[in-house]
Amino acid sequence: MARTEIEMARVDNLAAERRKTQFDVEAMKIVWAGSKHALDVADRMARIVATDPEFRKDNRTSLGRKELFRNTLRKMGHAIRRASELRLTEEEASQLRFFMDEPGYLDLHWGMFVPAIKGQGTEEQLKKWLPLATNMKIIGCYAQTELGHGSNVQGLETTATFDPKTDEFIIHSPSLTSYKWWPGGLGKVSTHAVIFAKLICGGQDHGVYGFIVQLRSLDDHSPLPGITIGDIGTKFGNGAYNSMDNGFLGFNQVRIPRNHMLMRFCEVTREGDVRLSDVPRQIIYGIMVSVRQSIVSDSSWALSRAVCIAVRYSAVRRQFGSQDGGLETQVIDYKTQQNRLFPLLASAYAFRFVGQWLKWLYTDVSDRLEAKDFSTLAEAHACTAGLKSLTTSVAADGIEECRKLCGGHGYLCSSGLPELFAVFVPACTYEGDNVVLLLQVARFLVKTVSRLASGKKPGGTTAYMGNAEHLLQCKSTANSAQDWLKPSVVLEAFEARALRMAVACAQEITKFPTPETGFLETSANLVEAAIAHCQLIVVSKFLEKLQQEIPGEGVKEQLQILCSIYALHLLHKHKGDFLSTDCITAEQAALANEQLRTLYSQVRPNAVGLVDTFNYTDHYLGSALGRYDGNVYLALYAAALKEPLNETVLPDGYHEFLRPVLDQSIRMSRL
């Protein structure tokens, strides 16, 4: 076969793959998006961004920090103008910002500053601040984390001391470690911030609360007196989060009016009296549920994006297998590639569906909180904390695995994968360090286990613990590989494993002098128990999704295959847990693995169709390897030609440094 024919065959691989697809891709797109309306909005906004040259991003990784930041300011301003010109709804504007794919100050303004005011401000404060914020007359950020404290909010050092003589709070940073550190949008852009500080009245510490503080002049943007502010420096990766001005902030006796304290939960009177309102402070946890459910959704987007690139490239790339000069084997046909790639494809779908369920959960929790019903709050808080930890960890590791699955070309910034990893990996630490969050889940699980003896039935995602008597004794009924396709068999194994690990931890804790000592000493096991519980949640929500009416030819069958891959891959990966807790036997584990290999063969013809379902434009993917048309090698070459080093034939420094070496005018010494 001629060389040109071989190259054309490579490019045609994706078209050939799409012809193999055994399900209705358009119907699956609706399932992925959540509704036809959501799909239409996303599709329209993605194409508006992709066709607007102002949103160009293919040069991001080659820009210097200052140029990158200036470029981001320009894009953010253009996005605001376009949203106004097109009269976009709040939903549409949010999708427009999403497909811009550019971390910047708008993320924190809309994602944290505005919600913080909505959640913690009084009606009077909402009337004052929300019009300013929503009309972008002020730009805000969310300043909680300090140089010395992150997850331990109660350990924050910044103080807000009330001065009854002037009816003001004095905001102060008593040490270097009390400086606010990391808030996005703070370094160079924000005019205001919701900052969190210890409320000090009459010399007494009343705990940490939020305060609205103006940081910069609205006339010339200069920092106000007593404010020390700036950017914390270049972060990991080319481009990536370096478009965001994560900042530091110190206060030197900065005075703000008393009514700049967000007083929905706690009021400080003119006389300096501290009065807790009748609004339950547990509502704050409802806000945390909202933030973390959005991060779970982000995890599915990020992982699916990486998987889309890796699947398409694996179908285009051919390597080895040719004996006569003909076509080599598609990389996606190698079983080792499928074993690494297809569980990530299944995970992307699993996280998408659990994210959709979490949106419902947040609505349910919010409605209950408004009715002063807190019965589901602790469970919902633990659930979202655990799922945030699980999904972000898997997605971050999955993006890196996809980079490896793309071979050497995956290391190029033009593959889109290095920058995607650098952008997403901070999610493993912001809004709660992942290990700390799992320990919170574990603490909740141990409490739930301890209450089982009282006869009180647990609810929500821990409802399975109410069946403890059976789950502590049952044996798996899987007698063939096909048995592992039965939802009841899979679910029972995951429930038994999660419960037995939680019970074992609770029992182990009782062996120590105090519960807290026991918790600290067994924390590694507690983390594993929390992971088992969270994996059970994802598996159960995927199975629940399959029980719903799913339109489209072949769609439900493909989702069933993906669900089984997700569950059985976890069973294989955590086989030690399932065996050590006596949930399954070694023979049953082998049968599950046998079924898993069969499932890989079943999903193989549909792999490209399943990533086409994500409906990502080439602009959003930002990857030479993940192009829809499969013209990978031309795209890689085109990207190389745009490299700034190639703007001149001779490199900068040739005459000064390289020519003397070649002329041997520099004396060489033999080693």
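The values are calculated or read from the model by the stated rules, or taken from the named source; none is laboratory data. Being a predicted model, the structure only gives us computed values, none of them experimental. Cβ atoms come from the backbone with ideal geometry, glycine included; neighbour counts cover every protein chain shown. To get the accessible areas, we keep the full protein, side chains included, count just its heavy atoms, and leave off ligands, DNA and RNA. Shrake-Rupley method; radii C 1.70, N 1.55, O 1.52, S 1.80 Å.
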Just give me the residues in segment 318-351 being in contact with a Cys (Cβ under 8 Å, 6 or more places away or on another chain) and open to solvent by 10 Å² or more (accessible area, probe 1.4 Å), in sequence order. LEU344
Mind listing just one residue for me: the one in segment 416-475 that is under 30 Å from LEU625 (Cβ atoms) and of a type in the set (S, T, N, Q) and, of those, surrounded by the fewest Cβ atoms within 10 Å (Cβ to Cβ)? THR429
Is it the case that some residue within segment 224-244 is touching a residue at least 60 places away in the same chain (Cβ under 8 Å), farther than 30 Å from LEU417 by Cα and open to solvent by 30 Å² or more (accessible area, probe 1.4 Å)? no
If you take the residues in segment 356-376 that are under 27 Å from LEU546 (Cα atoms) and hydrophobic (A, V, I, L, M, F, W, C), which one is surrounded by the fewest Cβ atoms within 10 Å (Cβ to Cβ)? TRP360
Given the residues ARG216, ARG275, which is the only one that is of a type outside the set (Asp, Glu), out of contact with any helix residue (DSSP H, G or I) (no Cβ under 6 Å at 6 or more places or on another chain) and open to solvent by 20 Å² or more (accessible area, probe 1.4 Å)? ARG275
For segment 626-639, does any single residue satisfy the condition of being open to solvent by less than 20 Å² (accessible area, probe 1.4 Å), in a loop (DSSP other than H, G, I, E, B), at pLDDT 95 or above and among the hydroxyl-bearing types (Ser, Thr, Tyr)? no
Inside segment 221-242, can you point out the residues that are part of a loop (DSSP other than H, G, I, E, B) and touching a Ser or Thr at 6+ places or on another chain (Cβ under 9 Å)? HIS221, LEU224, GLY237, ASN238, GLY239
Go through segment 310-339 and report how many residues are in a helix (DSSP H, G or I) and either β-branched (Val, Ile, Thr) or in contact with a His (Cβ under 7 Å, 6 or more places away or on another chain) (or both). 5
Any idea which of GLU168, GLU91 is acidic (Asp, Glu) and touching a strand residue (DSSP E or B) at 6+ places or on another chain (Cβ under 6 Å)? GLU168
Given (1) farther than 27 Å from ASP52 by Cα; (2) in contact with a Lys or Arg (Cβ under 8 Å, 6 or more places away or on another chain), where does TYR616 come up short, assuming only one miss? (1)
Test of understanding: among ILE195, ILE256, which residue is more than 26 Å from GLU431 (Cα to Cα), in a strand (DSSP E or B) and open to solvent by less than 50 Å² (accessible area, probe 1.4 Å)? ILE256
So which residues in segment 135-156 are out of contact with any Phe, Trp or Tyr (no Cβ under 9 Å at 6 or more places or on another chain) and open to solvent by 30 Å² or more (accessible area, probe 1.4 Å)? ASN135, MET136, LYS137, HIS149, SER151, ASN152, GLN154
Residue in segment 605-619 that is within 30 Å of PHE98 (Cα to Cα), within 27 Å of the chain's Cα centre (by Cα) and either among the charged types (D, E, K, R) or open to solvent by 50 Å² or more (accessible area, probe 1.4 Å) (or both) present: yes
Please list, ordered by residue number, the helices (runs of 4 or more DSSP H) wholly in segment 1-112 having 2 or more residues that are over 23 Å from the mean Cα position of the chain (by Cα) and closer than 20 Å to GLY185 by Cβ. 65-85
Does segment 204-211 contain at least one residue that is surrounded by 17 or more Cβ atoms within 10 Å (Cβ to Cβ), more than 26 Å from GLU370 (Cα to Cα) and polar (S, T, N, Q)? no
Which residues, taken from segment 148-181, are within 26 Å of THR234 (Cβ to Cβ), at pLDDT 95 or above and not hydroxyl-bearing (Ser, Thr, Tyr)? LEU176, LYS180, TRP181
List pairs: first in segment 126-151 and in a loop (DSSP other than H, G, I, E, B), second among the acidic types (Asp, Glu) and open to solvent by 40 Å² or more (accessible area, probe 1.4 Å), Cβ under 9 Å, 6+ apart or cross-chain? GLY148/GLU157; HIS149/GLU157; GLY150/ASP433; SER151/ASP433
Among the residues of segment 169-184, which ones are open to solvent by less than 50 Å² (accessible area, probe 1.4 Å) and outside any loop (DSSP other than H, G, I, E, B)? PHE169, ILE170, ILE171, HIS172, SER178, LYS180
